[in-house]
Amino acid sequence: MAGPRRRQKGDGGISEYRTKAGPRFPIKYAVLREDGTPRVVLKRGFVSRRDAAAALRAEIRAADVGEWVEPSKQRLDAYLAEWIQTQRLSPSTRASYLKNIRLHIDPYLGGHRVARLTGPMVDTWMRKLEANGRADGGGGLSARTVRYVFTILRSALSDAVEQGRLSVNPTDRSTPRSPGEARPPEMQAWTAPELSQGRRRRTGRGADEDRTVEGRRPRRGDGGRAPRLPNRCTTSALPTPHCCWPTACR
């Protein structure tokens, strides 16, 4: 019975090393530069042998068809600072991109080389933002905000692929929140009975004293005024234009 096929010299190799976060699997392979000189490439950070094997196959395939890109030593923060200057953006969009890069990308990924970013690294970064990504330390970012920041990074790295700085966009191998998961909660309007019930709770009036129909103002009492709506959303209050989730006020 034949044993497993041994890797040939041009096939590259996968090894393993230990970190505090668990085992990691670097890949190593040989390529030819444009001037014909050989080079051995080492890429680290893969969290599973399967991910490392997939990356190794992709790199060797790219080298075989002449699409391999020599890894850049440029850091992500430096690349993003350069990239943002080339984008045609409105002033408000540019300010938003710069703010999110400064607060949510550079502190986590900015020190890594662009060429060494991986899909698992991007996933870990997004989970950190979801858990404790607020700049004021008040907890995690919403799924909508995390996806917005992710799209900024994805756009920047897509341009790096187009420019020949990367062979593969690492965000294509990550698992961001879907657009449906990142959608904000749907606003719910109160019905006429719910409005009437909320008004009675606020004013202490009974159902017989407060017969209100949709589209009509509440009837004034003897010498009294109709109850005023509150300026802000509070417990047991009526919904207001500022109330983003009216059912939570009931």
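Just a few scattered comments:
- Whichever residue in the stretch 5-61 is among the hydroxyl-bearing types (Ser, Thr, Tyr) and part of a loop (DSSP other than H, G, I, E, B) and, among such residues, is modelled with the lowest pLDDT: THR37
- Within the stretch 156-181, residues that are over 16 Å from LYS43 (Cβ atoms) reach no partner that is among the acidic types (Asp, Glu) and crowded, with 19+ Cβ neighbours inside 10 Å with beta carbons closer than 9 Å at six or more positions or on different chains.
- In the stretch 56-78, the residue that is surrounded by the fewest Cβ atoms within 10 Å (Cβ to Cβ) out of those that are of a type in the set (D, E, K, R), more than 27 Å from the chain's Cα centre (by Cα) and more than 14 Å from PRO38 (Cα to Cα) is GLU67.
- GLU34 vs. criteria under 29 Å from the mean Cα position of the chain (by Cα), surrounded by fewer than 17 Cβ atoms within 10 Å (Cβ to Cβ) and of a type outside the set (Lys, Arg): no
- Test: residue in the stretch 51-60 that is without any contact (Cβ under 8 Å) to a residue 24 or more places away in the chain and not assigned by TED's automatic domain parsing to the domain that holds ILE105: yes
The values are calculated or read from the model by the stated rules, or taken from the named source; none is laboratory data. The structure presented is a predicted model; accordingly, all values stated were derived computationally and were not measured. Please note: Cβ atoms are built from the backbone with ideal geometry, for glycine as well, and neighbour counts cover all protein chains shown.
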